[in-house]
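Below you'll find the structure, written out as structure tokens, and then a few comments.
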Amino acid sequence: MSEVKETAASSCASSGEFIPKIVMFCCNWCSYAGADGAGIARFQQPTNVRVIRVMCSSRVDPIHIYTAFLEGADAVLVTGCHIGDCHYVNANDKTLVKYKFIKDMLNEMGLEDDRLMLRWISAAEGQQFAEFVAEMVEKVTALGPSPLRKEGVV
Amino acid sequence: MSAPENAAQAGTPAPTGAPPEKKPPAPSAVGDLLKGSDIQVGGKYIGWSVREDIRKAGGSGGLVTAVLAGALEKGLVEHVLALKKSSQYEAVSVLTSDVEDVYASVGSMHMLVSNPGKHLRQFQNDASIALVVKPCDMRGIREQQKRNVIDPDRIFTIGLNCGGTMMPYKMRRVTEEVYGVDPNDVRAEEIEKGKLILETADGQHHAQSIEVLEEDNNGRRENCRYCIVKIATNSDLACGNWGVMPDYSGKATFVEVMTEKGAEFLRNAIDGGYAEAKMASEPAEEARSKVNGVMLKMSAKTKEQIIVPLHSQTFEAFKKELVNCINCGACKTVCPPCACGTEAKCTAFDDPADGYDISLFHMVRFLHLMDSCVSCGQCTDVCPADIPLANLYRKFADPLQEELNYVTGMDDRTPPFFEIKLEEMN
Amino acid sequence: MSGVIDPKFKENVYSSVCFGCGFGCGVFMRELETKAVETGTACGAPILNIDYRKASPVNQGKLCRFGVNLANIYCPAASSVKGKAVSDKEAVAKAAEVLKNINSSEIALLSVGGTTNEEHLALMKIGEKLGVPVNTGMTGLFKDIGKLHAYTGRGTTYEDVETAKKIYLLVDPYVSYPLLIRRLVHAKAKGAEIVSFGLKELPIATENVIVEPGTSLYDVKEFAPDAETIIISDLTPYTHAKRLAELVEIAGGKSKFLFMRPFVNAAGAGYLSKHTKQKSFDDIVSKMETGELKVLVCLDSDLIDICFNDGMKETFKNLEHAIVISSRDTVICGAADIVIATEPFYKKKGSVMNSEGRLISITAAAGEMSLSGFNALSGILEALGGSALDYDTIHAEAVSMLGASEDEYKVTVPEKKTAPEIKKISDKLPGLEATFSSFSEPDSFVSSASMEDGEAGADAAKHLYLTNPFLWNGALDNDNYVEISRCQVKRSALLKGFTADISCACGEVKKATRFKVSQMADGYVLSQRKQPFAKAPVTHVTIACSSTKPKGLTVSKASKGCGLSQ
């Protein structure tokens, strides 16, 4: 039994290097297309981002963001169409309102400012998309693991 | 000082810094007895019950009881939420259509914390109900009205001035340990000049300074000490005895008519022969706002001490506060502004099997209360792990409500979270 | 709420006690009789709601998850004979007829403390008439250790816990008795040392000592109670006698004990039946299995819910008559052939005694109390040739038997005779496995092959129940998961977001069980809900990664061994 325990424990140990894990919500009409564009244009970007496509940035509920953090994301990025370009009239205005609430709350809890970001990225802005991702990965790597990440989650 | 009748909810420790009165006191009321048609929205009156027994038992003239009894008997409402008293430390609100229950609920109780807003919710607008509320109860009801779960047309509210309430069990112990009195002997209580006075069965009075009690955390609940609404101007009738001058002291109630509905109910009480009223005098009005001002100043001072400003807390500190949470959900069920009912976002997505450091339940509640917390402290009262929840919620709510200049539950302004655009943000 | 509230109806409010466990939490129950009653709600009950009783000396209005949901857990029983609905009177007459015509050796009466002292005493009167004892289901523990009972006595209050210097926890308060938490929080704030002896690491404890259920307390060097220690343990039908004996031998007469109880009036029932010679819980069950027992009378005691064994329902069929007197419609009502329905617990006129030894009366704040349960028992006694019982007399008798004060704000303890000397008997008592293997279905308690090999069994574990109010009362909560340690997750190669298959040697498998990773001892599985694979309080099980996977995801062999990676 004790042998099993040891092997389990040794496999438990982290490999040392911190590789950030980032969850990114992209709106179907602009940002997701932007991500697509970044791929087609073959802009180099890090692989730490998991993209989740949503119909609109305002579909991103606080629950989604909290769950991402609690499940072990080191940062969450929300992207959508530029103000005025929303596919659903003014839904990204509502995103702004929600984002303010979530941001204020997470800041109060002691989460670093850079871990949650909102950025407008249009379908044509593939380069901006790639740059944004690279910038965020760099920032989060410097920050280290999120304090909301549960112990033992790798 | 304040002892509004029918007012388990109300409590009014007197401001310690109240200026001493030297010259002969001014009259409370001016003019003759009013007719029902004289009552106007925005008017301020001094009123009392026509029944002498009620005047006596109530300690403040029994106006509230008279208005409730009149409304019930004349069919303005079908039911009243009345308090059933079992001891000086314990009473429970009961839905009743029996006017005798209304008369029986007369009396002043500060050592009780009821939650009529949440009780009201259980009837789902199926009855038209009159109820007596503290300012924070009314704020909760208003927030629920904004979220379309309480129909404002089906309720009538009498708001009472409130300087704070105390936890009943704690006060029982204080009675025993600080006052040296057997709690079962206490027959009445009164707050006068900053002192909590207990009257025992043998007619003796025992007094202790509330300030001193609060130094040992034995006085008012923490939330009451930094409460920012002392006069329930958000209800239909704002009643209380602040502003009642010595000529009517203990014999009348100061009432401000806040809505057309309030005017209708007061007219009904006067025309129906339940109550009498006179115009309030100017000195009375001044005295009332003076007391209010002193109380608010005290609150502001306490608030600075209790609510630590933004960004000072870390995630670890929150985790530590919440580590003993047993997932009972009581904080949500008592929350006056919470409008969701049993199927809510905070409970539907929360799963203990996830084993998160801070449960989704709390994360969602922190967010939802940012623009709706009415600072009533009911959550802290019922927490079985004694987590200072109200304090935690205020840490999120205070900066935001201040920034957006939004006072919860005082008017019909849309909750900021539901706005399409926040004015302040552009 | 459908329908409109009839203006004629008033709301009834009762100052009652939560029946979830023996903690004795005060709660207001609101009962609103609306027109909805005529149309019938889910189970034909009036609309219930709880309110927080902030003047209660026990809980100051605070309630656990069970208490908060209390209104949903009441589902009134209906009187029936052989499944046919009858009036309460007919059911009582039928029950009396059965009891009249049976040999007293073939009857057993069971009342674990699910109802008031008065009703328990009334059943004892029936027992006297019949010449059979009323069993409380706890005596199995005391059968061997007899006199130790004096040390499990009452009088340690929750306030004492708050002011204690040293507290030894042998229960998991978070799950089993949640209202203890705040008392412990206050104690900790005052500098108390809280040591937990158990399988799980508790955040409230200042020190966690992992003690496996079979371990002798004599072998735990951290267990060193002194005069300033309060030991918090519990007394349930499954408390292991050997552990209890050790506890009393080591600390008896020296430290204070607080024994928590699983049923609302378990303490009261226990003290009332103190001098009756009872059968143990497993005696009754094994007699039912052999068919020796023909009639079983259960007074607000759901044997099927209390018994962890699923086969209990089948065992019930061996009885000629199962007479159930119950206020709630629980599983046992379906298995019984005579059901005598009584008023719901919250409005029963009477008193209960909580774990502290505090006598709490149930009263009405608005509305009328009911005595139908008491009257039904009195009716049975009358039909058996006894004289009808008077509530006030029985109440006075119960209070004097308990030696308690009727003021709920005071805990009084009857003057103690000098406690008997403690004799060491724990070494003669059977060990854990021996105790529970005879518990029920002995065949199912066979160690799995991998365990016998002594090696390999990385996925083998022992299953234990984390008892809680929902479990004892047969109510379901959002606790459909098992808890295992992180190392066990790795050993069994479980994956985050996936489920586990848990199986026992007898072949029962629970597939796709959700699991929670807890800070606890390796090699154990804890659950708060009845599990089909757990036939006894301790069961050997094996845990394997479930083949049932969430849609759209696949498990590759490579991910094995790094359990929690996504």
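Just so it is clear, none of the values below were taken in a lab; they were calculated from the coordinates. These numbers were taken from a predicted model, which means no experiment stands behind them. Note that each Cβ is placed from the backbone with ideal geometry, even for glycine, and that neighbours are counted across all protein chains shown.
Here the gap between B:E286 and B:S87, fully extended at 0.36 nm per residue and compared with their Cα-Cα distance, gives a gain of 68.1 nm. Bridgeable lysines around C:K462 (alpha carbons under 22 Å apart, same-chain partners fewer than 8 residues away excluded): A:K5, C:K200, C:K242, C:K490, C:K496, C:K510, C:K511, C:K516, C:K530, C:K535.
Short version: what are the Cα gyration tensor semi-axes of the range B:193-270, square root of 5 times each eigenvalue, largest first, in whole Å? Walk me through the numbers on the way to the answer.
Details: eigenvalues 187, 76, 21 Å².
Over the Cα atoms of the range B:193-270, the semi-axes work out to 31, 19, 10 Å.
Which FRET efficiency, nearest 0.05, do C:E289 and C:Y218 yield, Cβ-Cβ r, R0 30 Å? The calculated FRET efficiency here is 0.30. Counting only aspartates and glutamates at least 8 places from C:K424 when in the same chain, those with an alpha carbon closer than 18 Å to its own are C:D144, C:D219, C:E246, C:E249. Cysteine residues of chain B whose C-beta has no other cysteine C-beta under 4.7 angstrom: B:C162, B:C224, B:C227, B:C239, B:C325, B:C328, B:C340, B:C346, B:C373, B:C383. For the range C:152-247, treating each Cα as an identical point scatterer without solvent, what Debye log10 I(q)/I(0) comes out at q = 0.14, 0.15, 0.22 1/Å? Here the Debye-derived log intensity ratios amount to -0.48, -0.55, -1.27. Straight-line cross-link reach from C:K94 at under 16 Å between alpha-carbon atoms covers these lysines, not counting any fewer than eight positions away in the same chain: C:K82, C:K84, C:K294.
Legend: calculated FRET efficiency, A:T47 to C:A544, from the Cβ-Cβ distance at R0 = 35 Å, rounded to 0.05, equals 0.60.
About its Cα centre, what dipole magnitude does the range B:295-426 give when the only charges are +1 on Lys and Arg Cβ and -1 on Asp and Glu Cβ, stated in debye to the nearest 20? Numbers along the way, then the final one.
Numbers: 12 positive and 19 negative charges, 69 e Å.
It comes to approximately 340 debye.
The DSSP beta bridges internal to the protein assembly as shown are antiparallel in roughly 50% of cases. Put simply, the amide H of C:F257, placed in the peptide plane, has neighbours under 5 Å in C:I231, leaving out anything fewer than 5 places away on its chain. Using a simple spin-label model with pseudo-atoms 7 Å out from Cα toward Cβ, A:D61 and C:N318 lie 5.1 nm apart. Scaled against 2.2 N^0.38 Å for its residue count N, the alpha carbon radius of gyration of the range B:29-302 is 0.97.
With a Förster radius of 51 Å applied to the beta-carbon distance between A:I40 and C:N480, the computed FRET efficiency rounds to 0.65. Between amide H atoms placed 1.01 Å from N, distances below 5 Å from C:S485 occur with C:S518, C:G523, C:Y524, all of them 5 or more places distant or on a separate chain. Taking a label point 7 Å from the Cα of B:K421 along the Cα→Cβ vector, which residues of the range A:73-99 have an amide N closer than 14 Å to it? The answer is A:83-86, A:89-97, whose backbone nitrogens lie closer than 14 Å to the label point. Working note: Karplus 6.51/-1.76/1.60 with θ = phi - 60° gives the range B:90-98 the couplings 9, 8, 9, 7, 10, 6, 9, 10, 9 Hz, where Gly and Pro are set to x.
The GluC sites (Glu not before Pro) found in the range C:225-332 that occupy coil by DSSP, while having at most 14 further C-beta atoms within 10 Å, are C:E228, C:E292, C:E320.
Near the amide H of B:A91, within less than 5 Å, lie the amide hydrogens of B:S86, all on another chain or at least 5 residues away, with H placed in the peptide plane.
For the options B:E282, B:E316, B:E90, a Gaussian network treatment of chain B with springs between C-alpha atoms closer than 10 Å singles out B:E316 as fluctuating the most.
The calculated Kirkwood hydrodynamic radius for the protein assembly as shown is 32.4 Å, given to one decimal from all distinct C-alpha pairs. Taking label points 7 Å from Cα along the Cα-to-Cβ direction, B:D411 and C:K190 give a separation of 4.9 nm. 3J(HN,Hα) along the range B:109-124, derived from phi through the Karplus expression 6.51 cos²θ - 1.76 cosθ + 1.60 where θ = phi - 60°, amounts to 9, 9, 8, 7, 10, 9, 9, x, x, 7, 5, 4, 4, 5, 9, 6 Hz, with x in place of Gly and Pro.
The count of lysine pairs in the range A:19-143 that are at least 8 places apart or cross chains, and whose C-alpha atoms lie under 20 Å apart, stands at 4. Model label points for C:S400 and C:E382, set 7 angstrom from Cα along the Cα-to-Cβ axis, are 2.5 nm apart. Of the DSSP H helices in chain B, not one has a Cα length along its own long axis of 24 Å or more together with a mean Kyte-Doolittle hydropathy reaching 0.5.
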